[in-house]
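What follows is one structure encoded as structure tokens, with my remarks underneath.
The values are calculated or read from the model by the stated rules, or taken from the named source; none is laboratory data. Computed from a prediction, not measured in an experiment: that's the story for all the values here. Cβ placement follows ideal geometry from the backbone for every residue including glycine, while neighbour counts extend to all protein chains displayed.
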Amino acid sequence: MWRFLALILLASTACGGDDDAVGGVDASPPVTLDHCDYQAVPPTTGAGGEVAASGLEAGVAEMVIDVPVGTTLGAYTARAGFLGSAGTVDRRQPAISGGFNASIGVELAPRIKVLALAAGGETVVIVKLDLGLVYEGMLFDIEERLDLHGKVLLAASHSHSAWGQQTGSHVFKVGLGEFRDLVYQRYLDQIETAARAAQSALRPARIGVFHSADFDPDDQVTRDRRGDNPGRPDHRRRRRRPVVRSDFDV
């Protein structure tokens, strides 16, 4: 717990100006970028070229996420030793899971799903992962591997029962466990494999968009399960349902 708090403190002091005191009272320092380091973002793939009119192509691929059994179950901080039940639900302590409850088996295998869309010499890849959340660094690494900078969309199912330890963010480690490069590289390898398979499967397709403004009038699906939520936005907005569908030409 103290190590995590120390990391947060270091992160909060990484950027900004030097503290100053006036009359014994700390003054608010000006916000600056003098102490920040940045890594240049690669230019968007295909930027500066001409867009050519052509028919839409689509390709899909799907894989089971294969990481070591014992990897932390993420997006559920109650599994952490310093806040929850780690070490009490299952007393086995695989080294890979660190201070979190480990995954001892698989009930429903998490998956990677990829949709590739191409037209006019441009390709966009949409990746859906069964994870609690996505890590921005993973997006950049996938773009680098596929040479599709700015053309990859990375999404997660927000599962609270999927594996963690794939984020390099100090903030999210409190819910996903300590970063493990072994786990991270497994994710990257499999995402790349699935993405390339989807691109190889490209064929003529059609895409349609549909929107229902009130698909659940009786609140059977989108009801507010949290009881009284004063001050929260009207949950009925969730009744709106957009649908995107791709049909492959035979």
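Data table
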{"item": "Restricting the stretch 172-188 to residues that are within 15 Å of the chain's Cα centre (by Cα), closer than 15 Å to Ser97 by Cα and aliphatic (A, V, I, L, M), the residue that is modelled with the highest pLDDT", "result": "Val183"}
{"item": "Conditions (1) surrounded by fewer than 13 Cβ atoms within 10 Å (Cβ to Cβ); (2) of a type in the set (S, T, N, Q); (3) modelled with pLDDT of 80 or more: number failed by Ser28", "result": "(3)"}
{"item": "Restricting the stretch 47-75 to residues that are in a strand (DSSP E or B) and over 17 Å from Val125 (Cα atoms), the residue that is modelled with the highest pLDDT", "result": "Val64"}
{"item": "Residues within the stretch 153-171 that are surrounded by fewer than 18 Cβ atoms within 10 Å (Cβ to Cβ), among the aliphatic types (A, V, I, L, M) and modelled with pLDDT of 85 or more, tallied", "result": "3"}
{"item": "Filter result (hydrophobic (A, V, I, L, M, F, W, C) and not in a loop (DSSP other than H, G, I, E, B)) within the stretch 160-190", "result": "Trp163, Val174, Leu176, Leu182, Val183, Leu188"}
{"item": "Check on Val244, aliphatic (A, V, I, L, M) and either exposed (fewer than 11 other Cβ atoms within 10 Å of the Cβ) or modelled with pLDDT under 75 (or both)", "result": "yes"}
{"item": "Single condition Ala213 does not satisfy, out of (1) under 25 Å from Val243 (Cα atoms); (2) modelled with pLDDT of 85 or more", "result": "(2)"}
{"item": "Those strands (runs of 3 or more DSSP E) lying entirely in the stretch 98-159 with at least 1 residues among the polar types (S, T, N, Q)", "result": "122-129"}
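Residues are listed down the side, and each one gets a yes or a no for (1) among the charged types (D, E, K, R); (2) within 30 Å of Pro43 (Cα to Cα); (3) surrounded by 15 or more Cβ atoms within 10 Å (Cβ to Cβ):
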residue: Gly98; (1), (2), (3): no, no, yes
residue: Lys113; (1), (2), (3): yes, yes, yes
residue: Ala118; (1), (2), (3): no, yes, yes
residue: Val127; (1), (2), (3): no, yes, yes
residue: Glu144; (1), (2), (3): yes, yes, no
residue: Asp147; (1), (2), (3): yes, yes, no
residue: Gly175; (1), (2), (3): no, no, yes
residue: Arg180; (1), (2), (3): yes, yes, yes
